[in-house]
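Asks: Provided herewith is a single structure, encoded as structure tokens, for subsequent inquiry.
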Amino acid sequence: MSEKTSVLVVGAGAAGMMAAVAAADSGADVTLIEKNSKVGRKMMITGKGRCNITNNCTPDVLIANTPTNGRFLYSAVNRFTPNDTIDFFEKNGLKTKTERGRRVFPVSDKAADVVDTLLECLNKRRCRIIQGTANALIINDGEALGVKTEDGQSFYADRIIVTCGGKSYPRTGSTGDGYKLARQAGHTVIPPKPSLVPIVSHTEFCARLQGLSLKNVTVDVRSVKNGKCVFSDMGEMLFTHFGASGPLILSASAHIKNAAAGEYRISVDLKPALSEEQLDARIQRDFGANINKNFINSLGELLPHKLIPVIVELSGIAAEEKCNSITKKQRTGLVRLLKHLTFSVDGFRPIEEAIITSGGVKVSEINPATMESKLVKKLFFAGEVIDVDAYTGGYNLQIAFSTGRLAGTMN
């Protein structure tokens with residue numbers, strides 16, 4: 001079977017759907033090939049199912065929050081800015097809201113509404129969606145002509161846009177298919193590795209605290225070798241059976257270059273709103289209110305129940321010690337512990353659990369003004385398949401939308 005269309009998009013995720021919309025708006029006939037039975041599978045799980053659409057910031061701020069090849073995005077992000085993304089969804093009937101850290105979500109808090117909006121845009125433009133897995137490019141004389149699918153079909157087009165994603169969350173269809181296509185075209189693929197990924201820690205208390213979510217804490221990541229701080233922010237984290245996860249930890253992971261070598265440690269300030277002096281005064285008040293009670297029974301107003309036995313053990317103060325007999329030295333040590341609950345960084349969870357893949361098609365082989373391959377004519381790349389990744393906060397989806405929009409725009 002052989003078919004002809006103007007633009008062929010391989011992968012119907014965020015970048016692919018936006019590329020298809022842009023191509024259709026440019027007057028092209030568009031076909032998307034998607035391996036899943038439904039489009040936007042990965043978008044459905046982003047932002048804890050709420051979908052952090054973008055970050056309400058300037059292009060320069062987005063680039064500054066993209067540590068891997070951020071400057072490559074200058075044209076794409078300035079051509080289709082975060083404000084343009086917000087306007088796009090608003091004009092297509094999806095109301096948005098901006099929350100802490102400039103994170104933009106649908107008012108409904110439903111990722112499905114974001115995907116449905118994009119799907120409706122495709123349908124209105126009569127873009128065809130075909131379920132299938134593209135496993136080879138059709139290339140002749142340095143020019144991309146189409147793709148072949150696993151079931152033996154060939155699809156031809158005037159422009160081929162590869163938006164297959166990376167290798168994170170493979171159950172959503174991100175299994176590295178785009179890397180195979182890129183290599184076939186002669187492109188260099190920077191080896192993929194996890195980014196925005198949970199951290200493994202062998203520190204004993206992490207597993208004991210499994211399931212404990214801490215809100216409004218400050219996480220500080222420092223080099224063991226020189227004490228240099230590489231990340232610090234306030235927000236939410238979660239202890240797990242393997243170590244730690246949650247928004248703060250995922251953000252921190254992007255700053256940790258070698259997690260397996262034990263070169264970093266994480267310190268959690270459980271009470272960042274209080275100085276050490278203020279926290280000491282608070283503890284003295286609690287001790288005064290529980291003056292004849294055991295130490296372990298005096299912390300209920302200060303700490304989550306699950307955390308209390310761990311803090312008591314780490315403090316070195318006997319659980320049965322009466323509050324009225326705790327010394328100033330012991331109290332000072334307790335204050336420091338609550339301001340610096342520290343655990344080791346001993347590795348990352350597998351790439352399959354990462355939110356974003358770091359690595360991908362080498363950006364020096366892609367024209368940043370068009371997203372077209374410098375090696376093969378009429379072949380374009382967009383989204384996570386490219387070696388560009390940012391911190392958490394809506395930046396990565398914006399990169400997908402911006403690069404997809406640019407790749408799909410017919411000049």
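Asks: Name the strands (runs of 3 or more DSSP E) wholly inside the range 178-276 in which the number of residues that are out of contact with any strand residue (DSSP E or B) (no Cβ under 7 Å at 6 or more places or on another chain) is 1 or more.
Replies: Answer list for the range 178-276: 229-239.
Asks: Let me ask something else. Can you tell me which residue among LEU73, LEU122 is under 18 Å from the mean Cα position of the chain (by Cα), farther than 19 Å from ARG50 by Cα, assigned to a helix (DSSP H, G or I) and in contact (Cβ under 8 Å) with a residue 24 or more places away in the chain?
Replies: LEU73
Asks: In the set ASP109, ASP158, ASP113, which member is in a loop (DSSP other than H, G, I, E, B) and not polar (S, T, N, Q)?
Replies: ASP109
Asks: If I go through the range 206-247 residue by residue, how many of them are without any contact (Cβ under 8 Å) to a residue 12 or more places away in the chain and either surrounded by 15 or more Cβ atoms within 10 Å (Cβ to Cβ) or touching a Lys or Arg at 6+ places or on another chain (Cβ under 8 Å) (or both)?
Replies: 2
Asks: If you check every pair at least six apart or on different chains, which have Cβ atoms under 8 Å apart with a residue in the range 96-108 that is in the same structural domain as GLY49 (by TED's automatic domain parsing) and more than 18 Å from GLY235 (Cβ to Cβ) first and a residue that is surrounded by 15 or more Cβ atoms within 10 Å (Cβ to Cβ) and among the basic types (Lys, Arg) second?
Replies: These pairs meet every condition: PRO106/ARG50.
Asks: Write out, first by first residue and then by second, each pair whose Cβ atoms fall under 7 Å of each other, whose residues are 6+ apart or on separate chains, and whose first residue, in the range 248-259, is among the β-branched types (Val, Ile, Thr) while the second is modelled with pLDDT of 90 or more and assigned to a loop (DSSP other than H, G, I, E, B).
Replies: ILE249/PRO198; ILE256/VAL345
Asks: Could you say which residue among THR81, THR117 is touching a Pro at 6+ places or on another chain (Cβ under 7 Å) and closer than 30 Å to LEU181 by Cα?
Replies: Result of the check over THR81, THR117: THR81.
Asks: Any chance the range 154-162 includes a residue that's free of Cβ contacts under 8 Å to residues at least 24 places away in the same chain and either in the same structural domain as LYS362 (by TED's automatic domain parsing) or polar (S, T, N, Q) (or both)?
Replies: Checked against the condition, which is being free of Cβ contacts under 8 Å to residues at least 24 places away in the same chain and either in the same structural domain as LYS362 (by TED's automatic domain parsing) or polar (S, T, N, Q) (or both), the range 154-162 yields no hits at all.
Asks: Checking the conditions here, which among ARG349, ARG336, ARG331 is closer than 30 Å to ALA261 by Cα, over 20 Å from the mean Cα position of the chain (by Cα) and among the charged types (D, E, K, R)?
Replies: ARG336
Asks: Follow-up. Could you list, in sequence order, the residues of the range 76-119 that are among the polar types (S, T, N, Q) and within 15 Å of CYS51 (Cβ to Cβ)?
Replies: THR85, ASN92, THR96, THR98, SER108, THR117
Asks: Out of all the residues in the range 371-411, which are more than 26 Å from ASN52 (Cα to Cα), part of a loop (DSSP other than H, G, I, E, B) and polar (S, T, N, Q)?
Replies: ASN411
Asks: Going by the structure shown, is THR370 in the same structural domain as ALA19 (by TED's automatic domain parsing), of a type in the set (S, T, N, Q) and surrounded by 24 or more Cβ atoms within 10 Å (Cβ to Cβ)?
Replies: Against the criterion (in the same structural domain as ALA19 (by TED's automatic domain parsing), of a type in the set (S, T, N, Q) and surrounded by 24 or more Cβ atoms within 10 Å (Cβ to Cβ)), THR370 does not qualify.
Asks: Also, I was wondering about something else. Could you please tell me which pairs satisfy a Cβ distance under 8 Å, a separation of 6+ or placement on different chains, a first residue in the range 35-46 that is of a type in the set (Gly, Ala, Ser), and a second residue that is part of a helix (DSSP H, G or I) and surrounded by 20 or more Cβ atoms within 10 Å (Cβ to Cβ)?
Replies: If the second residue must be part of a helix (DSSP H, G or I) and surrounded by 20 or more Cβ atoms within 10 Å (Cβ to Cβ), the pairs left are GLY40/ALA14; GLY40/MET17; GLY40/VAL114; GLY40/VAL115; GLY40/LEU118.
The values are calculated or read from the model by the stated rules, or taken from the named source; none is laboratory data. Just so we're clear, the structure is a prediction, and the values are computed from it rather than from any experiment. All Cβ positions, glycine included, derive from the backbone under ideal geometry; neighbour counts span all protein chains shown.
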